[in-house]
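A short write-up of the structure that comes next.
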Amino acid sequence: MTKVFGKTLIAMTLLAAAGAQAQEVVRLGNLKFAHYGAVSYIKEIAPKCGIKVEEKIFPKGLDVMQAIIAGELDVGTTASEAAISGRAGGAPIFVVAGFAKGGARLVARPDLKITSVPQLKGKRVGVTRGGIQEVLLMAELAKHNMKADPAPGKDVQLVFLPYADLNQALLGKQIDAMMQSEPQSSQAINKGFGAEVLKPYDTPIGEPIRTMVMTEKFYKERRPVAEKFMRCFVQATKTFIDNKSIAEKYVREVVFKNQITTDDFNDAIGNSEYSYDITPQHIQITTDTMVKTGVGRMAKPPVATDWVKTDLLDAAKKSLNIK
């Protein structure tokens, strides 16, 4: 009887341990861009952090938000505008870190010799609908009192395309210019069918900061795992910042399967450096700009101080002696 009880107890202990281990899985939603590479790298070092990270790649940030609302993710990465729109639409999320800065560029056909925003008048400009690039494009146009719409008749005719299709449209001269992400904008320039007009960081937003969000449930109810994940994020990011060769090898070979060159990577990261930090002020300015330019069309824009929570990040950086 004692033996049976002992075996039962051992079995129950093993099951409990397995259950605890199963709870250590973190479901991560990510995008396929050069500056999202350090986030992808988290899954490679996750076992050393005491967790398992299951990464799923999405076409755009709004898709990450939909997956969060559907309960399919614990953590997601996206540009700030998708996080803001998601929160406004009821996504139960907190912004917990900023993992990259910049990552946008206005690129035009070289034969048109466009060197400034006012020269876009009468042109067809491609952009991904709802992306931070649309926010930045509209903010740049607003600076010059220019109007834009998908229908002809305004100063600029917008052509909404996925990130993956913008370069082909510029190459095929279906559009005259594009507000594009990295590394695609660097690729267009390096391959000769695009010329930089500007990096759109002279609006109130400044350099847009890409946001890492956690579900409220994960943040509140799985706190120890959330802490481990955040330390792992900081470690992965520090590795990419300190060791460019590791970053390049991983992004080029693992993320992009050798579809981008060393020059593409260097130019892309030169315009979208890896980082850790985010502030409520940056999110609020971005929110206000979205309201002003009409991107996102939020019925009730969220107040940044209600949902930007950097305590996990601050603790992780402190534990790893990172200022």
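The values are calculated or read from the model by the stated rules, or taken from the named source; none is laboratory data. This is a predicted model, so every value here is computed, not measured. A quick note on method: Cβ atoms are made from the backbone with ideal geometry, for glycine too, and the neighbour counts reach across all protein chains shown. Side chains included, ligands, DNA and RNA excluded: accessible areas come from the protein's heavy atoms. Shrake-Rupley method; radii C 1.70, N 1.55, O 1.52, S 1.80 Å.
Some observations on this one:
- Flag for Ile269 being within 28 Å of Val197 (Cβ to Cβ), open to solvent by less than 60 Å² (accessible area, probe 1.4 Å) and out of contact with any Pro (no Cβ under 6 Å at 6 or more places or on another chain): yes
- Comparison of Glu207, Glu196 shows that the only residue that is of a type outside the set (Gly, Ala, Ser) and over 17 Å from the mean Cα position of the chain (by Cα) is Glu196.
- Residue in the stretch 203-221 that is assigned to a helix (DSSP H, G or I) and without any contact (Cβ under 8 Å) to a residue 40 or more places away in the chain present: yes
- Scanning the stretch 54-92 for residues that are farther than 26 Å from Val127 by Cα and in contact with an Asp or Glu (Cβ under 9 Å, 6 or more places away or on another chain) turns up just one, Pro92.
- Flag for Val254 being open to solvent by 50 Å² or more (accessible area, probe 1.4 Å) and of a type in the set (A, V, I, L, M): yes
- Enumeration of residues in the stretch 161-196 that are open to solvent by 40 Å² or more (accessible area, probe 1.4 Å) and in contact with an Asp or Glu (Cβ under 8 Å, 6 or more places away or on another chain): Ile189, Asn190
- Selection of the stretch 65-89 for residues being crowded, with 24+ Cβ neighbours inside 10 Å and either modelled with pLDDT under 95 or in a helix (DSSP H, G or I) (or both) yields Met65, Ile68, Thr78, Ala79, Ser80, Glu81, Ala82, Ala83, Ile84, Gly86, Arg87.
- Of the candidates Gln157, Gln119, the single residue that is in a strand (DSSP E or B) and more than 25 Å from the chain's Cα centre (by Cα) is Gln157.
- Among the residues of the stretch 135-150, those identified as in a helix (DSSP H, G or I) and either open to solvent by 20 Å² or more (accessible area, probe 1.4 Å) or not β-branched (Val, Ile, Thr) (or both) are Leu136, Leu137, Met138, Ala139, Glu140, Leu141, Ala142, Lys143.
- Within the set Glu182, Glu196, the sole residue that is modelled with pLDDT of 95 or more, charged (D, E, K, R) and under 21 Å from Gly102 (Cα atoms) turns out to be Glu196.
- Whenever a residue of the stretch 41-64 is open to solvent by 60 Å² or more (accessible area, probe 1.4 Å) and modelled with pLDDT of 95 or more, its partners that are part of a strand (DSSP E or B) and of a type in the set (D, E, K, R), lying with C-beta atoms within less than 9 angstrom and at least six residues away or across chains, give the pairs Lys43/Lys52; Lys43/Glu54; Lys43/Glu55; Glu54/Arg27; Lys56/Arg27.
- Taken residue by residue, the stretch 190-199 has no member that is assigned to a strand (DSSP E or B) and touching a Phe, Trp or Tyr at 6+ places or on another chain (Cβ under 6 Å).
- Per the conditions (1) of a type outside the set (S, T, N, Q); (2) open to solvent by 10 Å² or more (accessible area, probe 1.4 Å); (3) at pLDDT 95 or above; (4) touching a Gly at 6+ places or on another chain (Cβ under 8 Å), the sole criterion not satisfied by Lys154 is (4).
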